[in-house]
1. Express in nm, to one decimal, how much length is gained between Arg483 and Ile57 on full extension, taking 0.36 nm for each residue of separation and deducting their alpha carbon distance.
2. Quick check on packing: order 438-444, 735-741 by the mean number of other C-beta atoms within 10 Å, highest mean leading.
3. Full-extension gain between Leu748 and Asp831, please, as 0.36 nm times their residue separation minus the C-alpha to C-alpha distance.
4. Just subtract the alpha-carbon distance of Thr762 and Thr176 from 0.36 nm times their residue separation and send over the number in nm, one decimal.
5. From the alpha carbon gyration tensor of the stretch 636-759, can you work out the equivalent ellipsoid semi-axes (sqrt of 5 times each eigenvalue) and give them in Å, largest to smallest?
6. Compute the relative contact order of the stretch 716-913 as a whole-number percentage, counting only Cα pairs closer than 8 Å that sit 6 or more residues apart in sequence.
7. Describe numerically, in nm with one decimal, the distance between label points set 7 Å from Cα along Cα→Cβ at Thr346 and at Met718.
8. Sequence-distant or interchain residues sharing an amide H contact under 5 Å with Lys704, placed H: which?
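Read the figures in this text as sums done on the coordinates, not as results from a lab. Note that the structure is predicted; figures quoted are calculated from it, not measured. Here the Cβ positions follow ideal geometry from the backbone for every residue, glycine too, while neighbour counts run over all protein chains shown.
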Amino acid sequence: MADPTSFLFLLSMTLLLQQSYPFSFANAEILNVTTDKSALFELKAHISSKDSHHVLISNWSSNTHICTWVGVTCGSKHLRVKALNLSYMDLIGTIPSSLLKCTQLQYLDMWNNNFTGRLSPEIGNLTMLTYLYLAQNKFEGAIPSQIGNLQKLELFAADINYLSGPIPYEIFNISTLQKISMVSNNLSGHLPSSTGSLFVPNIQILTLGDNELSGRIPNSILNASQLIMLDLSHNSFSGSIPEAIGNLRFLEVLNLVSNKLTISFSELRSLFSSLSSCKHLRFLSLSKNHLNDVLPNSVGNLSTSLQRLHLYYCNIKGNIPEEIGNLSSLIDLSLHHNELGGPVPTTIGRLHMLQGLVLYGNRLKGSIPYTLCHLGILDTLNLGGNELYGNIPACIDNMTSLRTLDLGFNQLTSSIPLRLWRLTDLLLVDLSSNSLNGPLPLDIGNLNVLRALDLSKNQITGRIPVTIGGLKNIVNLSLAVNRLDGSIPTSAGELVSLEVLDLSYNNLYGEIPKSLEKLSNLKHLNLSFNKLQGEIPSRGQFVHFPATSFMSNNGLCGEAQMQVPPCKGKKAIGLQILKYVSITVGLVVLGMCLVFFSIKRRKRNAKLSHDTNSMPLATWRRISHQELIRATEGFSANNLLGEGSFGFVYKGTLLEGTTVAIKVLNLQVEGAFKSFHIECEVLRNIRHRNLVKIITACCNMDFKALVLEYMPNGNLDMWLYSENRCLNMLQRLSIMIDVARAIEYLHLGYATPIIHCDLKPTNVLLDEDMVGHVADFGIAKLLGDGVSLTQTMTLATIGYMAPGIVSTRGDVYSYGILLMETFTRKKPTDDMFTGDMSLKCLVQESLALSVLEVVDTNLLSNQNDYPAMEECLLSTMGLALHCCADSSEQRIGIENVLATLDKIKLKFLKDITGH
C-alpha cells in the first residue's frame, strides 16, 4: 500500500438527512410502490440546480414505471425500491425526510455530489438499509445514536463532510457491524472504555483517522478479535498502546501515526514482542509519537509479510538492529528524524523487495555499505543528514530503479563515481554539504529526466561540462560553494525547465551567456562571488533579478539598479557599432542568397534530372554526403541506432551542433528507391507533434538518406523488452494516446488520407519527455481519388497486418495489436502463438478469466492498485479487441479510439489518486 489511506475501502454506510419535519411511521399510510415514487419525486424537487447529466429531468417521469428510472433498482416481488444510485451526478440540494418512506431500501449511493444538511436521527427506522454511500458531500452535525441494523458504516469524508461531536457509544454495540470508517471529519471525544459487547468480534475494519479524538486507546478494543485494520492516525490519543495488541491475530494494518502516545522505557520491547504474534501484519506505523526507547532486536520477529514499517519522528535511540534484515517482504522502511546511531546495517541488503529506504536526520556513522547495491528495485535512497563518511559505493549503478538519491549533509569524501551518471532515470540527486571532490564528467548530460541536482557545498573542481544542456527537465540546479572555474557554458540556455540556478561562490570567469535570457521559467538566479566579466544581460527573466544575484563579480557592468559600473568606453562603443554593421551586412547577404536560391530553384524546376525529380521534399538547407559522413564519424558502428527493411539508422551531429537521426537507404535492397520516395512524399508537408519530423535529405545517384529528428529515448520495443527499463501503467497509456493522435491526424487531419501500414513498437519512437512519435513511412499509402484499395498491396510486418483490403481501418487493426503488446509484453510473432492461438485470442480469453494473468508482470508491483489496474486493463484490452475485429466495418474509428483511451486514462488516474 503506497499510503495508509489507500486501505480505506469505499465501504457500505447508512445514514439519511433530517429536514424541517421528521417522518412518522406511526401513521396509517400504506407504504407501497406508489409511496416510493412519491418520495423520489420529492427528492427530485429538492435538487436546487439542474443535474449536469440531466438524469432526473429527462428520465424520472410520471409516464414511466419507477423501476425503469436510471439509478433505481426494484425488488422482484413487490417492485418496491431496493436500491438508489445517484453517485457522481453533480447534484446540489438536500435529501428530504420523506425518502424514509422507501422502507424496503437496502442500498443508497449519493457519493460525490453536493448535498448538504444534517443526519436524520430516525435513520434507524430503515431496518432493511445496509449500504449507504454519502462521502464527498457537505454533510454536517452529529452522528445519530440509532442507526439500525447495519453491517457496514462509513462516513469517509475526504476533507468534504463536516460531521462533528462524539461518536455515539451505541455504534460500537451493533452486533451486525463489520466495518466502521469515519475518516477526515471533525469528530471529538473519547472512545468508550467499558467492556461487554463493545468492539464485537465481527468488526474487521475500524478507521477513525484525521479527526480530533483524544483519550487513551481502550483495552476493550482487543475484544474485536476479527480486526484486520486499525487506523487511529492523526488524532490526539495519549497514553500507551494496549500491551496485548498482539492478540488481534488477524491484524494486517496498524496505523497510529501522529498522536500523543507515550511509551516508557522497556514498553517498546513488549509492544514489538506482542506484535510478533500478528502473522498477517503488512503495515505498521507508530510515527510522530513519543517512543523514547531503543529499537529492540525483536523488530526482526515481526511478520515476514510486513511491507511497510514507519517509525519516523519517534525519538528512537540506539542502533538499527541487524535483525531488520529478517523482514524479507519489506517494501518501505522509514526511520528518519530520530536519534539512531551506529552504522547502517549491512543486512538491509537482504531486503530485495525494498523500494524506499529513508534514514534521513539521524546520527548514523560509518560508511555506506556496498550491500545496498543489491537492492535492484530500490526507488528512493535517503541517507542524508547523518555522519556517514568514505566513498559513495562504485556499484551504485546496479540500483537501476533509483529515482531519488539523497546523501546530503554527511562527511563523504573522494570523487563522485562515474557510474552514478549511468542511472539515467534519476529524478532527484542531492549530494550537497559533503567533501566530494574531482571534476564533473561529460556523462552528467545523460540524466535527461532529472528534476533536481544539488551538488553545493563540496570541493568539486574543473569546468561546468558543456553537456549540462542535456538536463532538459531540470528545475533546480545548484553547484554553489565549490571550486569550479572556467566560463558558464552557453548550453545552459537549453535548460528550458529551469526555475532555480545557483552557481555562487565558485571561480567562474568570462561573460554571462546571453543564452540564459531564453530561460523563461527561471525564477531564482545566483551568480554572486565569482569572477565574471562583461555586461549583465537585461532581457527575459533578467529584468526581475536583484543586484544580489550578481554581487562580488568585479568585472561586471550594466544598469544602475544592478549596483555595478555602467558599460561605457571606446571598446564598448566599438563593439556596438560592429554589432550593428554585422547585422546590416548579414541582412544584405541573406537577401542576396534568397534571390540566388529563388532563381536557382526556378531553373531546377524547369529542368530536373532523373534523381532530383524523385526528390519532392522542400528542404530547409542542402546537405552533402560528406557532411553526413563527418556527422556519423564515417557511419561508425558506434553511432548505429538500428536496422530496418531498407537500410540503417545512425546518430549524427550536424555542423551547427544539432543531433539528428540519419536514415541511410540500402539501394541494393529491392524496393528501397520506392520506399525513399514514398517517405519523402508523405513527410514533406505533414506536421504533427506525434510524428517524427524530417529535417532534410541527401539524394544523388548512388546515395540516398533522410535526416530526421533525433529521439533520445529510442523506441517502444526497447522499453518493453529491456531488462533494465520499465514503463509504468500511465506511461504506457500516454504513449498509446500519442500514437492514436498521430494516426488520427494521418487519417482525418490531412487533405489526402494517409495509411501508415506498419504500426509496431519499433516504429514508435520516444523523445526526451517520453512522448511517443510515429516513424517510418516507407510503405505508407496515400488514398487519393481513384485508388483501388483491393489492388493495393503492402509489405507490412506479419502479426500486425490486418486481414483483407488495405484501408485506414487496417491501421486501426495494427493499433489494436500494438495496444495488446504494450500491456502484455508479448509479441504477436512469439513462438507460443501457433495454430489457432494468437495474441488476440489470448487477450480475449483473459477477459473471461483474469486479465491480470496475461499482462506484463512489471505492472503488478503494487498490489494496492490491483482493483484500479484490473478495471483499466479490462477497458483497454476490450478497446484493443474492438480495434481488431475481423471485419473492417466492425472496427472502431481512430477518433473514437482516442476519445475512449483518454477516458480510460482519466478514470485510472482518478482511481489511484482518489481525485
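1. Going from the current span to full extension adds 146.2 nm.
2. Packing proxy ranking, top to bottom: 735-741, 438-444.
3. 26.2 nm
4. My answer for the length gained is 205.2 nm.
5. Value: 24, 21, 14 Å, ordered largest first.
6. Once normalised by length, the contact order is 22 percent.
7. 3.8
8. Counting only residues 5 or more places away or on other chains, the set is Leu665.
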